[in-house]
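Just below is one structure, and these are the notes that go with it.
Every number here is computed from the coordinates shown, using simple stated rules; none is lab data. These numbers come from a predicted model, not from an experiment. Cβ placement follows ideal geometry from the backbone for every residue including glycine, while neighbour counts extend to all protein chains displayed.
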Amino acid sequence: MTQLISHRGFTLLEMIIALAIVSLSLVGAASLIRSSVSSSGHLETKTQAYWVAQNEAASLALSDQDLDESVIKNSETVMGRRYLTETILRPIDDSLISAEITVSTDSMVIVSHSTLLRRH
């Protein structure tokens, strides 16, 4: 009597299907990582632009100049990136002035910040 020897293992078709599933999973994971890195770079730029706006507001609040209705344009470099600021000053009354600070790069507006400043 002969015994049938049963070999257990994966067929070539099963291996091809398994490799296809694994490769599709890796492509999806790589795409997710790429978008995450891109998003964190944008968040870093936005955070730096907000710091620039805060610095501009602090600079105006601490300045000795009389704040009247005007438009002030400046540029500032933070961590190798150049940011442009445009500050629009509008008097509210004799003691307060509104400052609308817009921070942008050469191509797009990143942050708009509004604050009230006390007149000197």
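Could you list, in sequence order, all residues of the range 98-118 that are exposed (fewer than 14 other Cβ atoms within 10 Å of the Cβ), touching a strand residue (DSSP E or B) at 6+ places or on another chain (Cβ under 6 Å) and under 12 Å from Leu67 (Cα atoms)? Within the range 98-118, just Leu116 meets the criteria. Take Leu12 and tell me if it is closer than 30 Å to Thr115 by Cα, exposed (fewer than 10 other Cβ atoms within 10 Å of the Cβ) and of a type in the set (A, V, I, L, M, F, W, C). Against the criterion (closer than 30 Å to Thr115 by Cα, exposed (fewer than 10 other Cβ atoms within 10 Å of the Cβ) and of a type in the set (A, V, I, L, M, F, W, C)), Leu12 does not qualify.
Kindly indicate whether any position in the range 64-73 is assigned to a strand (DSSP E or B), surrounded by 15 or more Cβ atoms within 10 Å (Cβ to Cβ) and within 19 Å of the chain's Cα centre (by Cα). Within the range 64-73 (the criterion being assigned to a strand (DSSP E or B), surrounded by 15 or more Cβ atoms within 10 Å (Cβ to Cβ) and within 19 Å of the chain's Cα centre (by Cα)), the answer is no, since none of the residues qualifies. Residue count for the range 76-97 under the criterion of being loosely packed, with under 12 Cβ neighbours inside 10 Å and among the polar types (S, T, N, Q): the result is 2.
Which members of the range 42-70 meet the condition of being of a type in the set (A, V, I, L, M, F, W, C), in contact (Cβ under 8 Å) with a residue 24 or more places away in the chain and closer than 15 Å to Val103 by Cβ? Reasoning before the result, please.
Taking the range 42-70 as the starting set, the residues that turn out to be of a type in the set (A, V, I, L, M, F, W, C) are 43, 49, 51-53, 57-58, 60-62, 67.
Next, only the ones that are in contact (Cβ under 8 Å) with a residue 24 or more places away in the chain stay: 49, 51-53, 57, 60-61, 67.
Matches in the range 42-70: Ala49, Trp51, Val52, Ala53, Ala57, Leu60.
With respect to the stated conditions, Ser98 fails to be of a type in the set (S, T, N, Q) and without any contact (Cβ under 8 Å) to a residue 12 or more places away in the chain. Do you know which residues across the range 80-95 are of a type in the set (A, V, I, L, M, F, W, C) and either without any contact (Cβ under 8 Å) to a residue 12 or more places away in the chain or closer than 18 Å to Ala61 by Cβ (or both)? If the condition is that a residue be of a type in the set (A, V, I, L, M, F, W, C) and either without any contact (Cβ under 8 Å) to a residue 12 or more places away in the chain or closer than 18 Å to Ala61 by Cβ (or both), then Ile88, Leu89, Ile92 are the ones that fit.
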